[in-house]
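What follows draws every value from the coordinates through simple rules; no lab data is involved. This structure is a prediction, so every number in the text was calculated from the model and none was measured. Counting neighbours? That spans all protein chains shown, and the Cβs are built from the backbone with ideal geometry, glycine included.
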Amino acid sequence: MQPETTFARIPDAALTETDPPLLHPDYVGTRLRAPKEPLVLLPSSLSELTGPVFGNGPLRETDADLTRQHAGEPLGERIVVTGRVLGSDGKPLDGQLVEIWQANAAGRYRHAVDTHDAPLDPNFAGWGRCLTDDDGTYRFTTVLPGAYPWGNHPNAWRPKHIHFSLFGRAFPERLVTQMYFPGDPLFPFDPIFNSIRDERARQRLVSRFELELTQSDWALGFRFDIVLGGREATPLEEPHDD
Amino acid sequence: MTELALTPSQTSGPYLEIGLIGGPISDHLVDQSDPRAIRISGVLLDGAGDPVPDGMIEIWQANAAGRYAHPADDREEIPVEEGFTGFGRSATDGTGRFAFVTVKPGRVPWVDGRLQAPHLLVGVFARGLMKRVATRMYFPDEEATNAEDPVLVGLESDERATLVARADDGALRFDIVLQGRGQTTFFAV
């Protein structure tokens with residue numbers, strides 16, 4: 001049976017102005033996992049104009065303070081990571097669930113698959129959650145994650161990073177990404193960071209050190225603002241009235 | 001109006017469970033004891049046909065009456081359902097398997113007002129996926145509505161086949177193939 005209507009097909013490579021391409025062979029993990037068929041471009045129906053709403057979900061205060069989730073304090077440099085979640089129109093997004101996860105100060109994740117020979121920290125689980133306030137602001141207290149080796153190529157090391165998960169206002173705006181720290185010497189060697197082709201886009205993942213956020217005698221402060229929007233900028237089909 | 005540049009995507013990596021599983025979002029959108037409960041499970045597969053043990057699947061759906069729990073769905077004549085968020089997530093296990101307990105969603109309109117067949121939006125994350133990929137799952141016992149669904153009728157039959165779950169011993173089975181023969185149809189949304 002022939003299709004009754006047809007949708008445009010776009011190769012993933014055409015959608016990489018901001019995001020990395022699905023297939024980036026330098027990152028070996030993409031080779032067998034990147035879909036290779038062109039994507040089917042769908043107009044946004046009500047299904048795509050909606051998405052999960054979290055309101056005031058059941059979060060605890062310590063969910064946003066990764067240094068206070070255990071009996072003792074984790075080792076490492078204490079840091080504050082904060083910023084605003086904005087729509088591409090500049091509107092602050094309030095009530096947004098922000099989820100993070102990261103390695104400990106030694107560069108080790110508390111996960112069965114992580115076998116890096118660095119110590120676990122009994123006082124650090126490495127996850128955090130919070131909701132943005134009316135101004136779109138989120139805020140976490142944590143420790144600076146360590147760099148760690150991975151098996152992608154000989155002597156491969158990931159730059160220090162914190163994983164971020166965000167939702168936006170509707171299903172297409174969902175984003176999982178990584179926040180980096182300024183001046184990391186590993187940037188030129190990391191295929192994941194460099195999978196983003198545009199230098200300016202890459203720099204949008206690098207947090208800024210700010211003395212104003214730094215709390216005297218307590219914690220260094222880093223700012224990371226996040227902008228969410230539809231990943232496909234061009235609307236290709238207008239609703240019609242028949 | 002100034003358009004702000006979007007924040008780029010990066011892979012979730014292999015440790016996404018630390019941050020994304022065990023929190024307020026569950027793989028049970030309703031309780032198993034709900035008489036309407038259905039079970040959907042599947043395996044996430046890579047281009048070699050091997051299971052992906054470090055992935056995560058998310059679903060977004062309307063409630064059983066066909067209303068989304070979101071302010072953009074303002075069709076007051078259709079009831080919202082207290083406690084039903086319409087959103088769930090399931091990490092894949094060591095065998096690449098994910099599973100949800102939910103209800104079959106009602107039909108919701110397409111951009112031109114025609115009704116879509118009951119469907120879930122599905123998002124896939126994993127180590128090696130640079131960004132989320134998105135697909136849809138349809139129901140095998142909805143032959144008549146599937147035959148008039150505006151998305152399904154716009155696809156080739158082999159593409160369409162990858163989007164319809166199959167009945168499997170009282171549950172629904174929906175495997176997701178990331179690459180190669182039988183690749184699931186993914187959408188730019």
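For this structure, a couple of remarks:
- Binning all Cα-Cα separations of region A:48-228 at 5 Å, short to long from zero, yields these whole-percent fractions: 1, 8, 16, 20, 20, 17, 12, 5, 1, 0.
- Model label points for B:D74 and B:S157, set 7 angstrom from Cα along the Cα-to-Cβ axis, are 4.4 nm apart.
- Its Cα gyration tensor gives region B:40-85 an equivalent ellipsoid; the semi-axes, largest first and in whole Å, are 34, 9, 9.
- Computed over region B:16-177, relative contact order equals 28 percent, with contacts defined as Cα pairs under 8 Å that lie 6+ residues apart.
- Translational D in µm²/s for region A:59-150 (Stokes-Einstein at 4 °C, 1.567 mPa s, Kirkwood Rh from C-alpha pairs): 92
- Exposure proxy ranking, count of Cβ atoms within 10 Å, fewest first, for B:F139, A:F189: A:F189, B:F139
- Kirkwood Rh in Å, taken over all unlike Cα pairs in region B:16-177: 16.4
- Point-charge dipole on Cβ atoms (K/R +1, D/E -1) for chain B, about Cα centre, debye to 20: 320
- FRET efficiency for the pair A:D198 and A:D89, taken as 1/(1 + (r/R0)^6) with r the Cβ-Cβ distance and R0 = 22 Å, rounds to 0.55.
- Percentage relative contact order, chain A, counting C-alpha pairs under 8 Å, at least six apart: 23
- Net dipole in debye of the protein assembly as shown [+1 Lys, Arg Cβ; -1 Asp, Glu Cβ; about Cα centre; nearest 20]: 1140
- Local charge for B:S26 was computed over the other residues whose Cβ lies under 12 Å away, with Lys and Arg +1 and Asp and Glu -1, and equals -2.
- Note on chain A: antiparallel DSSP beta bridges, both residues inside, total approximately 75 percent of the bridges counted.
- Among B:Y138, B:S26, B:L16 - extreme Cα towards positive end, dipole of region B:16-177, charges at beta-carbon: B:L16
- Amide N proximity, region A:83-100 versus A:E212 label position 7 Å along Cα-to-Cβ, cut-off under 15 Å: A:83-84
- Computed [θ] at 222 nm, deg cm²/dmol, chain A (DSSP H ≥ 4; -39,500 (n - 2.57); rounded to nearest 500): -500 deg cm²/dmol
- Projecting the Cα atoms of A:G168, A:F54, A:Q178 onto the charge dipole of region A:48-228, computed from C-beta unit charges around the Cα centre, puts A:Q178 farthest toward the positive end.
- In summary, the aspartates and glutamates within cross-link reach of A:K36, defined as a Cα separation below 12 angstrom excluding same-chain residues under 8 places away, comprise A:D12, B:D46.
- Coarse-grained scattering of the protein assembly as shown at q = 0.13 Å⁻¹, given as base-10 log I(q)/I(0) from a Debye sum over alpha-carbon atoms: -1.18
- Dipole magnitude of chain A, debye to nearest 20 (Cβ charges: Lys/Arg +1, Asp/Glu -1, about Cα centre): 800
- Using the Cβ-Cβ distance between A:H153 and B:R181 with R0 set to 30 Å, the FRET efficiency works out to roughly 0.55.
- Here the contact order of region A:1-123, divided by its residue count and restricted to Cα pairs under 8 Å and six or more residues apart, works out to 19 percent.
- Dipole of the protein assembly as shown [Lys/Arg +1, Asp/Glu -1 at C-beta], most positive-end residue of A:A105, A:Q203, B:P53: A:A105
- The helix-based estimate of mean residue ellipticity at 222 nm for chain B, built from -39,500 (n - 2.57) per DSSP H run of four or more residues and divided by its residue count, is -1500 deg cm²/dmol to the nearest 500.
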